[in-house]
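Participant: Here it is: the structure, laid out below.
Just so you know, all these numbers are worked out from the coordinates, no wet-lab data involved. Fair warning: this is a prediction, and the values are worked out from it, not measured in the lab. In this analysis, Cβ positions are derived from the backbone assuming ideal geometry, glycine residues included, and neighbour counts consider all displayed protein chains.
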Amino acid sequence: MSKPKVLIARGIFPETISRLEEHFEVESNQADALWSKAELIARLQGKVGMFSSGTERIDAEVLDACPDLKIVSNMSVGYNNLDVDAMTARGVLGTNAPDVLTETTADFGFALLMATARRVSESEHFLRAGKWTKWAYDMFSGADIHGSTLGIIGMGRIGQGIARRGAHGFGMKVIYHNRSRLDASLEAECKASYASKEELLKTADHVVLVVPYSPASHHTIGAAELALMKPTATLINIARGGIVDDAALAVALREKRIAAAGLDVFEGEPKVHPDLLTVPNVVLTPHIASATVPTRRAMADLATANLIGFLTQGKAVSPLNPAALAGRT
Ligand code: 8YV
């Protein structure tokens, strides 16, 4: 009997391909080409499963053109690349890769916060450019992390990881805003107290965004919100591009309406708003918050387990829309 066919949409660990080949006929993309939608659709013909990097858009058009597809397994916790409603309506399961990247991503949130508040990139560029000729009392003075107020918008697993690091590691006062309040024991564990978005923006010294992207969270931070922040404040976005209005942020940074920003994600990435590239008080990284070798392996393993589990036994580890299976024969 021939094996079911699976598509791997981007380059991936050779071990991941070998593991999938134990069960499936695999078409992979080790050249890491960026396929157009038409090319993706062409390659998905006859495929029952897709291993996604989390960046390929799977919408009604793709689904209608690929009737064999039964599962899209994202190697990412975020799944805004998937039109989950359209998938559910067509009986296609979506899966993501939660938990395995929580601590690594929270580590990076802190790395970006510290690099931004303490002006690490800016001062390194200065040094590399040969401009360091003397000591100066105000050279690259930044903002303190310890003892400051950390405001976290989006208090899911990663937000909680950042809160714990801030409260327990750096003695920060932690406030958070979320769709719903955490229960009291979790608030106590994170040493975090709930605040309205407005109160958080007005009082935090450092604001970290960890909210998932959806139409409702689009431009959670725009010109009006930036205007509420302290002129000494730092803004960190490790969530998704689109959560911040990057054009408005570039203006706020240029006019020093906030002190600095650290961004790992961008609207329309991998394109970056050109104005962000010309302001000095921003640290820019190419969406690498989950990028450590063990974590990327764990993410790939979970995405693989979802494909194998579902296609061989009908059971995915981390399904997003189990309702997709309800009417399935
Ligand atoms: C991914 C991420 O690397 O998991 C997520 O949601 O943002 C990153 O860890 C990114 O989505 C590309 O797959």
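Participant: Please compute the modelled spin-label separation between residue 168 and residue 132, points set 7 Å along Cα→Cβ, answer in nm with one decimal.
Facilitator: Here the answer is 3.4 nm between the modelled labels.
Participant: Which FRET efficiency value, to the nearest 0.05, do you get for residue 124 and residue 85 by plugging their Cβ-Cβ distance into 1/(1 + (r/R0)^6) with R0 = 45 Å?
Facilitator: According to the calculation, E is roughly 0.50.
Participant: Loop only by DSSP, 10 or fewer other Cβ within 10 Å of the Cβ. Give me the trypsin sites (Lys or Arg not before Pro) in the stretch 209-273 that pass, ordered by residue number. Numbers along the way, then the final one.
Facilitator: On the way: sites: 240, 254, 256, 257, 271; in loops: 240, 256, 257, 271.
Sites meeting the loop and neighbour criteria: 271.
Participant: Could you give P(r) for the chain, binned at 20 Å from zero, as whole percent values over all Cα-Cα pairs?
Facilitator: 30, 51, 18, 1
Participant: Sticking with this one: How far is it, in nm, from the label point at residue 191 to the one at residue 323 when both lie 7 Å from their Cα along the line to the Cβ?
Facilitator: Once both label points are built, they end up 4.1 nm from each other.
Participant: Hey, got a sec? Which trypsin sites (Lys or Arg not before Pro) in the stretch 69-161 land in a DSSP loop and have at most 13 other Cβ atoms within 10 Å?
Facilitator: Values: sites: 70, 90, 118, 119, 128, 131, 134, 157; in loops: 70, 90, 118, 119, 131, 134.
Qualifying residues, ordered by number: 131, 134.
Participant: Would you tally the net charge around residue 33, using a Cβ to Cβ cut-off of less than 15 Å, leaving residue 33 out, and scoring K and R as +1, D and E as -1? Walk me through the intermediate numbers first.
Facilitator: On the way: positive: 10, 37, 43; negative: 27, 32, 39, 56.
Summing Lys and Arg as +1 and Asp and Glu as -1 gives -1.
Participant: Of 37/315; 173/256; 47/70; 131/256; 131/271; 197/256, which ones are farther than 18 Å apart at the Cα?
Facilitator: The pairs that break the limit, which is 18 Å between Cα atoms, are 37/315; 173/256; 131/256; 131/271; 197/256.
Participant: Now for a separate question. In nm, what is the difference between 0.36 nm times the number of residues separating residue 275 and residue 1 and their Cα-Cα distance? Walk me through the intermediate numbers first.
Facilitator: Details: separation 274, 0.36 × 274 = 98.64 nm, distance 5.65 nm.
Extra length from residue 275 to residue 1 when fully extended: 93.0 nm.
Participant: I'd like the orientation of helix 102-117 relative to the chain: the angle between its Cα long axis and the longest Cα principal axis, in ° from 0 to 90, rounded to 10.
Facilitator: Helix 102-117 sits roughly 30 degrees off the main axis of the chain.
Participant: Now, a different point. What nm value, rounded to one decimal, do you get for the distance between residue 38 and residue 313 when each label is placed 7 Å out toward the C-beta?
Facilitator: That separation, rounded to one decimal, is 4.2 nm.
Participant: Convert each backbone phi in the stretch 221-236 into a coupling constant with the Karplus relation 6.51 cos²θ - 1.76 cosθ + 1.60 (shift: θ = phi - 60°), then list the ³J(HN,Hα) values in order as whole Hz, x for Gly and Pro.
Facilitator: 10, x, 4, 5, 6, 4, 5, 7, 6, 5, x, 8, 7, 10, 10, 10
Participant: Can you tell me, using C-alpha contacts under 8 Å and at least 6 residues apart, the relative contact order of the chain as a whole percent?
Facilitator: On the way: 633 pairs, mean separation 61.3, N = 329.
Once divided by the residue count of the chain, the mean separation gives 19 percent.
Participant: So what is the calculated 222 nm ellipticity per residue for the chain, using -39500 (n - 2.57) for each DSSP H run with n of 4 or more, over all residues, to the nearest 500 deg cm²/dmol? Write down the numbers at each step before the final one.
Facilitator: Working: 13 runs with 116 residues, N = 329.
Dividing the helical sum by the residues of the chain leaves -10000 deg cm²/dmol.
Participant: So which GluC sites (Glu not before Pro) in the stretch 224-329 are both in a DSSP loop and have at most 13 other Cβ atoms within 10 Å of their Cβ?
Facilitator: 255
Participant: Let me ask something else about it. Under unit Cβ charges (Lys, Arg +1; Asp, Glu -1), what dipole magnitude, rounded to 20 debye, does the chain have relative to its Cα centre?
Facilitator: Dipole about the Cα centre, nearest 20: 420 debye.
Participant: Compute a Gaussian network model of the chain, connecting alpha carbons closer than 10 Å, and tell me which residue from 76, 290, 18 fluctuates the most.
Facilitator: For the chain, modelled as a Gaussian network with Cα springs under 10 Å, the answer is 18.
Participant: Compute a Gaussian network model of the chain, connecting alpha carbons closer than 10 Å, and tell me which residue from 168, 206, 177 fluctuates the most.
Facilitator: Highest fluctuation among the options: 168.
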